[in-house]
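Below is one structure, written out as structure tokens; the observations come after it.
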Amino acid sequence: MTSKIDITDLSLYRAMAEELNAHPETFTVLGEADMVLALVMRRDEGSDFAVRIRFEGLRCEAVDEVDASEAPLADYFLDGPLAKWQAMFDDIVANGAASGRQTINSLALLATNAGDVRLRGDDPMGVDKFSRFNQTLQEYLDGAARVAVTA
Amino acid sequence: MTVTEPVPTSREHRSYDSLPSASPLGAPLDWKWLKGAKSEWGVRPKIGPRGLTMLDIATGSYGEVPEHPPHRSMAPRGADVDPDTPDMGYILNNKTDVWAENVTELYEEAVARQWSATRDIPWAELPELPDDIEHAMCQVCTTLTEVEMIAADLPAKWMWRMNHDFLEAKMFLCTQIMDEARHAEVFRKRALANGGGLLMSRGSSEGLLRTILEAKTYHQATALMHLLGEGFILDIFRMGELIAPSPVEKRMFRMAMQDEARHVAYGTMHIRYAIEHDPDIAEEIHEALDHGEVVLTQFGTNQDFGSALAVLLGGGVDFIEDRGFPLQAEMQRKQFTSYLARCERAGISRLHRTKLPLDVLGIDPATVLAN
Ligand SMILES: [Fe+2]
Ligand SMILES: [Fe+2]
């Protein structure tokens, strides 16, 4: 059993971007994507972790840690407790890709309150991008499995 | 015959005064296209890393979409149009009739993200499924393939009535028509691919389709189709991961979901644009949705589609009461909540007017506003 990956380490998300950019064969079939999103991971004790990810064309172009309060500036953001995010990434690492209800689409679809990973955003055109580019985002997140193996 | 190589010249302005005034067949030539067309000559768009997009060429006056186009012809927007071009019979001549702020972006996105129902679904990996699950998947696909083409027929019904200056909107709707063909294709293929077949079709589906097709105005049509109908279908596709018995169906629903989200994005932003620029349109849209919500509820409770979905959600007929129906009720609550939230984003709040039985569905208006 592999140990849990540290999902509040910015270098993980940068490595996932490199992984995606280095293996275009897995996602170029999905086509170009232009979106800026943020993942917000809430800790009980505060000091939330948030990362902003920018996709442009066929690449993931930028990954930066941001203050959680800046998340609404993205097209959309996915906001949930750290434990729920950890469960999602652990599932990805264990299965090679998100399985069952641990896909980002299913997590957001089944979310009912702040205890779940919710899709949020202020821009009506931006929120749509979650579904429009959903599989590009999923490919990016699934890259955590490959990054974790090589790490 | 000797062909003279054209002499390369610079793009400096030349005079073309000594050109022939008639063609060899005697037709008069005024050479206006060469020396006098009123155009924004010299525009040079910047080519981006992915090539030349419609957004790239929306420069200068070529990027200006008029509120009320002066012509009724198929002349390209930005050309020097003869005053005697014929009237093509357009009735949607106001920008508020068809436009959405994101429509050009959506067109490029649609072109970049096309996929093939033949090639991109791993059909050969379809596993043998239990009889009830295969029947349920085939019934869901029968209903889906039945409803998909409405979203092609409806734009087709209105497109030839749209002023040609709204070219980008028409181009986007062309991509939607292609998308819907692929959706009808992929669900028909799934119904037939695994030794099952096409199952029940009943009047309750057709009622919704007819309501959409017969809408009196394009605003009403797009509210019924893009916002209500396709929004509902988008949520079904989002549920695909929960109902898919194998990775093959998961892939099918995920790919269709991305397309469907573009259609809904256009409808949401079109209605928003229309109401922002002409608040009187709101009442027209409300009236359509008053009726549409009732018909949609009938469609949503269609016994064939509904029970097949519940069987898939539950994981088989043996679990329909314990898991299937409860999960389906939860999903319906999600669908109607997301529809109402979408209306908020489109600037047409339905919270105080909806014909949906919010109490029965267990929908709290506060949840809608938080979505
Ligand atoms: Fe569709
Ligand atoms: Fe559609």
Original post:
Once whole DSSP H runs in chain A are found, which of them have Cα atoms spread over 24 Å or more along the helix axis and a mean Kyte-Doolittle score of at least -0.5?
Top reply: A:134-150
**OP:** For B:Asn94 and B:Glu67, calculate 0.36 nm times their separation in residues minus their Cα-Cα distance, and state this gained length in nm to one decimal.
**Re:** 9.1 nm
**OP:** Check the straight Cα-Cα distances from B:Lys216 and name the aspartates and glutamates below 14 Å, setting aside those fewer than 8 residues away within the same chain.
**Re:** B:Asp97, B:Glu283, B:Glu284, B:Glu287
Original post:
How many angstrom separate the Cα center of the stretch B:308-371 from the Cα center of the stretch A:45-110?
Top reply: 25
Subject >> At 0.890 mPa s and 25 °C, Stokes D of the protein assembly as shown from Kirkwood alpha-carbon radius, µm² per second >> reply: 97
Original post:
Hull surface divided by four, with the convex hull built on the Cα atoms of chain A: how many nm²?
Top reply: 8.4
Original post:
Near A:Lys84, which lysines are there with a Cα under 16 Å away, not counting those fewer than 8 places off in the same chain?
Top reply: A:Lys4
Original post:
If you build a Gaussian network model of chain B, linking Cα atoms that sit under 10 Å apart, which residue out of B:Arg50, B:Arg202, B:Arg190 swings the most?
Top reply: B:Arg50
**OP:** Mind checking the stretch A:1-107 for trypsin sites (Lys or Arg not before Pro) that DSSP puts in a loop (not H, G, I, E or B) and that have at most 14 other Cβ atoms within 10 Å?
**Re:** A:Lys4, A:Arg43
Original post:
Where both residues lie in the protein assembly as shown, what percent of DSSP beta bridges are antiparallel, nearest 5?
Top reply: 75
Subject >> Using a Förster distance of 45 Å, the FRET efficiency for B:Thr367-A:Glu70 (Cβ separation, nearest 0.05) >> reply: 0.95
**OP:** Report the FRET efficiency, 1/(1 + (r/R0)^6), for B:Val81 and B:Lys355, where r is their Cβ-Cβ distance and R0 is 60 Å, rounded to 0.05.
**Re:** 0.85
Subject >> Peptides A:35-41, B:194-200, A:114-120 ordered by average Cβ neighbours within 10 Å, highest first >> reply: A:35-41, A:114-120, B:194-200
**OP:** Over every pair of different alpha-carbon atoms in the stretch B:236-371, take the mean of 1/r and invert it; report that Kirkwood radius in Å.
**Re:** 16.3
**OP:** May I ask you to list the aspartates and glutamates whose Cα is less than 17 Å away from that of B:Lys250, ignoring any residue fewer than eight positions away on the same chain?
**Re:** A:Glu139, A:Asp142, B:Asp120, B:Glu125, B:Glu128, B:Glu134, B:Glu185, B:Asp235, B:Glu241, B:Asp259, B:Glu260
Original post:
Taking the Cα-to-Cβ direction at B:Asp278 and at B:Leu192 and moving 7 Å from each Cα, how far apart do the two end points lie in nm?
Top reply: 4.3
Original post:
Between B:Val43 and B:Thr59, how many nm apart are label points set 7 Å from Cα along the C-beta direction?
Top reply: 1.0
Original post:
Given the options B:Ser18, B:Ser61, B:Ser246, which has the most mean-square fluctuation in a GNM of chain B, springs set between C-alpha atoms less than 10 angstrom apart?
Top reply: B:Ser18
Original post:
Stretched out fully, how many nm does the piece from B:Ala156 to B:Glu330 gain, at 0.36 nm a residue minus the Cα gap?
Top reply: 59.1 nm
Original post:
Measuring from label point to label point, each 7 Å out along Cα→Cβ, what is the B:Glu214 to B:Lys250 span in nm?
Top reply: 4.3
**OP:** Enter the angle in degrees (range 0 to 90, nearest 10) between the Cα long axis of helix B:325-345 and the first principal axis of the Cα atoms of chain B, meaning the one along which they spread out most.
**Re:** 30
Subject >> Theoretical FRET efficiency, 1/(1+(r/R0)^6), r = Cβ-Cβ of B:Glu128 and A:Glu25, R0 25 Å, to 0.05 >> reply: 0.25
Original post:
Which residue, B:Ile233, B:Ile133, B:Ile57, has the most motion in a Gaussian network model of chain B that connects Cα atoms within less than 10 Å?
Top reply: B:Ile57
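Values in this text are rule-based calculations from the coordinates and carry no lab data. Everything quoted here is computed from the prediction, not taken from an experiment. FYI the Cβ positions are ideal-geometry reconstructions off the backbone, even for glycines, and counts take in every protein chain you see.
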